[in-house]
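Asker: Here's a structure for you.
Just so you know, all these numbers are worked out from the coordinates, no wet-lab data involved. All values reported here derive from a predicted model rather than from experimental measurement. Every residue, glycine among them, receives a Cβ derived from its backbone with ideal geometry; neighbour counts consider all protein chains shown.
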C-alpha cells in the first residue's frame, strides 16, 4: 500500500482535493479532524493545553475555545511551538494507526496534513502531494470563505511555510487556481498514477 500525504497551505484547496480523491475511491483522513479529536474534552492533550495556556482557553462548557487559543498562538511563535509539541505527536500516532488498520489489499491511503513540511514528517510517506495556488488567491479565499481580515490572513500564512517552498519540495503538485475542471483533471491524473 502506498501511504500518501496531501499538504499545502491554508486555503490552497486541500479539502477539495481530498474530497475528490475520496470520490475516486481512495481512503482518506484529515489531520485537522484528528487534531480536534486530540484536544476534545477530557483528553490528556486538552489537559496539557490548559496547563500551559490557562483556563481562559476553555469555553464555559469545558471545551477548547479555538478562537481564544488562536489569538495566543498566532501572535507568539513560542506559544505555537508549545501547542504543536502537545498536539502533533498524537495526530501522527492516529494517522499511523489509521494506515495500519486499512483493509488488506488497499492500494493507497491519503492523509491530509497541512503542516507536513513544518513538522518534518514528509519522510514518513511514500508520496507527497501539494495542493497549491497563488498567494493572492490564497488570501482572497481566506477573507471571503473564512471571514478573516487581510491582516489575520497574512498572520496565518506567516505561521506556515510559504506555498512556493512546499511546491519546490513536492514531487507532485496540484494547482487549484485554474478552475475546477483543470483541478479535477490534475487530481484524476495523480490518482491514476498512484494506483497504476
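Asker: What number, rounded to the nearest 500 deg cm²/dmol, is the helix-based mean residue ellipticity at 222 nm of the chain, given -39500 (n - 2.57) per DSSP H run of at least four residues and division by all its residues?
Answerer: Result for the chain: -16500 deg cm²/dmol, rounded to the nearest 500.
Asker: Hey, what angle do you get for helix 44-53 against the long axis of the chain, alpha-carbon based, 0 to 90 degrees rounded to 10?
Answerer: 50
Asker: Relative to the longest principal Cα axis of the chain, at what angle does helix 14-24 sit, 0 to 90 degrees, rounded to 10?
Answerer: The two axes meet at around 40 degrees.
Asker: Normalised by the number of residues in the chain, what is the relative contact order in percent for Cα pairs under 8 Å and 6+ residues apart?
Answerer: 38
Asker: Still on this structure, I have one more. Classify region 75-180 as rounded, prolate or oblate from the Cα gyration tensor: take a ≥ b ≥ c as the square roots of its eigenvalues, call it rounded if a/c is under 1.5, otherwise prolate when a/b beats b/c and oblate if not.
Answerer: Oblate.
Asker: Pull up the DSSP beta bridges for the chain and report the antiparallel fraction as a percent, rounded to 5.
Answerer: Percentage antiparallel, nearest 5: 5.
Asker: Could you tell me which of rounded, prolate or oblate describes region 16-111, using a ≥ b ≥ c as the square roots of the eigenvalues of the alpha-carbon gyration tensor, with rounded for a/c under 1.5 and, failing that, prolate when a/b is larger than b/c and oblate otherwise? List each step's numbers first, then the result.
Answerer: Numbers: a/c = 2.48, a/b = 2.20, b/c = 1.13.
Judged from the Cα gyration tensor, region 16-111 comes out prolate (a/c at least 1.5, a/b above b/c).
Asker: What is the Cα centroid distance between region 63-93 and region 19-43, reported in whole angstrom?
Answerer: 18
Asker: In whole percent, what relative contact order does region 6-103 give with Cα contacts below 8 Å and a gap of six or more residues? The partial results should precede the final answer.
Answerer: Values: 55 pairs, mean separation 23.9, N = 98.
Here the relative contact order equals 24 percent.
Asker: Taking the 0 to 90 degree range and rounding to the nearest ten, how far is the long axis of helix 77-100 tilted relative to the main principal axis of the chain, both from C-alpha atoms?
Answerer: So the helix axis and the longest Cα principal axis differ by about 50 degrees.
Asker: Then there's this: Explain nothing, just the number: relative contact order of region 81-164, from Cα pairs under 8 Å at least 6 residues apart, as a whole percent.
Answerer: 24
Asker: Same structure, new question: Taking neighbour Cβ counts within 10 Å as the exposure measure, how do 19, 14 sort from fewest upward?
Answerer: 19, 14
Asker: Also: How compact and how long is the chain, expressed as Rg and Dmax of its alpha-carbon atoms in Å?
Answerer: Rg, Dmax (Cα atoms, Å): 17.2, 51.
Asker: Next question. Quote the convex hull volume per residue of region 1-46, based on C-alpha atoms, as a whole number of Å³.
Answerer: 109
Asker: Calculated FRET efficiency, residue 180 and residue 106, Cβ-Cβ r, R0 35 Å, to nearest 0.05?
Answerer: Working: r = 28 Å, r/R0 = 0.79.
My answer for the efficiency is 0.80.
Asker: When 17, 133 are ordered from fewest to most other Cβ atoms inside 10 Å of their Cβ, what list results?
Answerer: 133, 17
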